[in-house]
Amino acid sequence: MLNTVFNVPSEQKQKIAIIGAGAMGVSIACFLAKLGIANITLFEAESRPFNSKSASINNTGILHHFVYGGHAKTLDLLLKQGILFRKLMPPYVFGDDRVNYLVPNQQENTAIYKQGVTFKEVADQLVKFYRQHLIKHPEDCFLGQPEDLVRIMNEQDLKHLLGEKVGVDRESWLKTEKGVFAGAVQIKQSVLNIGEFACHMIKLLELLSKQELLNVSYSQKVTNVAINDRGFELTINSNKILDFDTVINVGYAKSLEIPIPSKQSKHQTEGNLVKFKIYGLYKISSALKLQIPNIINNFSSTIMIRGQYGGVIKVGTDILAIFSGLYYNHDQLYFPVDESQQYLPQKWFQQIEKILGKTEEEVMTAIKQDISQWIPWVNELENLKLKKAVQVYPGRKQTNDLEAAQRDDNPIRYMYQHDNGGKYIHQPGFKLTSIPYQACQLVLEILSIYILKGILTKEQVEQNIKIDRNSDIILSPEMEYALGKGLPQVDDCEREKIIQTWNIY
C-alpha cells in the first residue's frame with residue numbers, strides 16, 4: 001500500500017470528481033491520492049485513459065521553454081514548468097534532450113515576441129533565468145550547468161544535423177540575407193518519448209486504482225454539471241445522476257461541451273479558442289540508416305521557426321513527428337462560454353479527406369516535401385500515420401500566434417464556490433509542459449477548502465506543497481514521488497502491448 005501524506009478522517013474527506021483521464025486529469029488524481037485527503041472519482045468518456053482522441057498522446061512531446069522566448073515572463077515560467085516535469089518523472093520517459101532552433105531566411109518571424117530580438121539575446125535571457133533558478137534550487141540541475149544550456153550553431157553543426165546539402169558557405173550563413181539560414185541555436189530541452197510517458201502514467205493509474213486510492217470510471221461521459229443544495233450534480237451518459245462536493249473539469253477540448261453551472265465569472269467573457277492540428281509520424285528506414293550511418297546519434301529534434309513554422313521531433317525509437325505550417329494549424333473554432341452548449345465538429349476526427357482535399361497518405365507526403373527544403377533526408381522517411389490533435393487556448397478570442405504565445409500562468413479559467421465550501425473548477429487545456437505545474441496549482445486550490453474548514457492548517461499544507469514568491473512549486477520529498485518517479489519501467493512486452501492497443505505510433 002502506498003503511503004499517503006495526510007490521514008484525514010473519512011467523514012472529513014471531500015467527494016471529488018475529476019472529468020477527463022488524460023495527462024492533466026490523471027496527474028491531479030495522483031497528487032490528490034498521494035495527499036490522502038479525498039474520495040476521488042476519475043470520469044473518462046472513452047473506454048480507457050489517454051484515449052485515441054486524447055491531446056496527451058497526440059502530442060509531439062516537447063517540453064517547451066524556448067520557442068516563445070522573446071516574451072520574458074513566458075520564457076521564465078515555461079523553464080520552471082519543464083524543470084518540475086523532469087523532477088517528478090522517471091528518466092526513462094524522456095527521449096531527446098536537445099532541440100535545435102533554425103531560423104530560415106524568410107521575412108516573417110512567428111516565434112519571437114518583439115521585432116528585432118535575436119536568438120542569441122533570447123538564449124542569453126534563458127541562461128540568466130536558469131542560473132537564477134539554480135542559485136535557489138541547486139538540486140534542479142536537470143539541464144546541466146547554465147553555461148552548457150545553449151550553443152550557437154555554425155555551418156558544420158548544420159551539416160551534421162541536416163546532411164551535406166546545406167548549400168551555404170559560412171559567411172553567407174552567418175552574415176547575409178542570401179543564405180538558407182539566418183542563424184541557429186541548440187538548446188538543452190527535454191522531449192518526452194510519448195509511448196514511454198503514456199505507458200508510465202497508465203500503469204501508475206492502474207496501481208493507484210488497485211490500491212483503492214482512487215476510483216476510475218470508464219465509458220462514463222459527463223454531459224451536464226448542475227448546482228444543488230448538497231454540492232454539484234453530475235449527469236452521466238445523459239441519465240445517471242451523482243453528487244460531489246467538488247468537481248474539476250479537465251476534459252481538454254471535450255470539456256468545453258459541458259455547460260458551465262453558473263455564468264457569473266469574468267473569465268467567461270473571454271471564451272476559448274480550439275485549434276485542429278495535423279502532423280505526421282514517420283519511421284527512419286533501414287535504407288536511410290545506410291545512407292546516413294550516424295543519423296540517429298547525430299540528429300536531435302529540430303524546429304524551423306521563421307516564416308513557415310515546422311519541425312522534426314524525436315518521439316520514439318526510430319520514430320519522428322514532422323509538422324509543417326502548411327498543414328499544422330488547419331482549422332479553428334471559437335467557444336464563447338457565455339452562450340449555449342457547443343460541440344466540436346465530428347469531421348475533425350472522421351472526415352479528414354473532405355477537410356484537406358487530399359488523402360492522409362498524400363498529406364503525409366506533402367509534409368515531408370515541405371520540410372525537405374531545409375532537411376533533405378526527410379523525404380527518405382517511411383510514412384507511418386497521420387496524427388490529428390485538438391489544442392485549446394483557454395481564455396482567448398481569435399488572435400494571432402504572438403498574442404497566443406503569452407501564456408497566462410493561472411490554470412483556473414473558471415471557478416464557482418459552493419456555499420458548502422466545495423468548488424467547480426474548469427481548466428480546459430494548456431501545453432504539455434505545464435501539466436505537473438498546473439496540476440499542483442489546482443491541488444492547492446482544493447487544499448484551501450481544507451484550510452478554510454480547519455481540517456488542515458496552512459503550515460501543514462505548505463510543508464508538502466506550496467508556490468513561493470518566485471512562482472516556483474515547492475514539494476516535500478514525499479510529494480515528489482506523487483507521479484511515480486520511483487516506479488520501474490514497464491517491461492518490453494507490456495509496453496509494446498500498450499503502444500499497439502492505444503495506437504500511439
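The values are calculated or read from the model by the stated rules, or taken from the named source; none is laboratory data. Everything numeric here is computed off the predicted structure, so don't read it as measured data. No Cβ is skipped: glycine too gets one built from the backbone with ideal geometry, and neighbour counts run over all protein chains shown.
Of the listed requirements (1) buried (at least 21 other Cβ atoms within 10 Å of the Cβ); (2) among the hydrophobic types (A, V, I, L, M, F, W, C); (3) at pLDDT 90 or above, F430 misses just one: (3). Here K277 fulfils each of the conditions (1) more than 18 Å from P394 (Cβ to Cβ); (2) under 24 Å from the mean Cα position of the chain (by Cα) apart from (1).
Residues that are out of contact with any helix residue (DSSP H, G or I) (no Cβ under 7 Å at 6 or more places or on another chain), at pLDDT 95 or above and basic (K, R) within the stretch 454-470 comprise just one, K466.
Filtering the stretch 84-99 for residues that are touching a residue at least 40 places away in the same chain (Cβ under 8 Å), touching a Leu at 6+ places or on another chain (Cβ under 6 Å), assigned to a helix (DSSP H, G or I) and over 23 Å from K387 (Cα atoms) leaves a non-empty set. The residue that is surrounded by the fewest Cβ atoms within 10 Å (Cβ to Cβ), counting only those in the stretch 309-321 that are within 18 Å of N59 (Cβ to Cβ) and not hydrophobic (A, V, I, L, M, F, W, C), is T317. Taking the criterion of being more than 21 Å from Q441 (Cα to Cα) and buried (at least 24 other Cβ atoms within 10 Å of the Cβ), the residues of the stretch 24-58 that qualify are E44, P49, F50, S54, I57. Selection within the stretch 278-308: residues that are among the small types (G, A, S) and farther than 28 Å from T118 by Cα. The member of this set that is surrounded by the most Cβ atoms within 10 Å (Cβ to Cβ) is G280. Of all residues in the stretch 196-236, count the ones that are closer than 15 Å to S262 by Cα and either assigned to a strand (DSSP E or B) or touching a helix residue (DSSP H, G or I) at 6+ places or on another chain (Cβ under 7 Å) (or both). Of the residues in that region, 7 qualify.
Scanning the stretch 446-475 for residues that are on the phi < 0 side of the Ramachandran plot, exposed (fewer than 15 other Cβ atoms within 10 Å of the Cβ) and either under 24 Å from the mean Cα position of the chain (by Cα) or acidic (D, E) (or both) yields a count of 3. Do we have any residue at all in the stretch 6-23 that's of a type outside the set (K, R), surrounded by fewer than 24 Cβ atoms within 10 Å (Cβ to Cβ), without any contact (Cβ under 8 Å) to a residue 24 or more places away in the chain and not in a helix (DSSP H, G or I)? Within the stretch 6-23, one or more residues are of a type outside the set (K, R), surrounded by fewer than 24 Cβ atoms within 10 Å (Cβ to Cβ), without any contact (Cβ under 8 Å) to a residue 24 or more places away in the chain and not in a helix (DSSP H, G or I).
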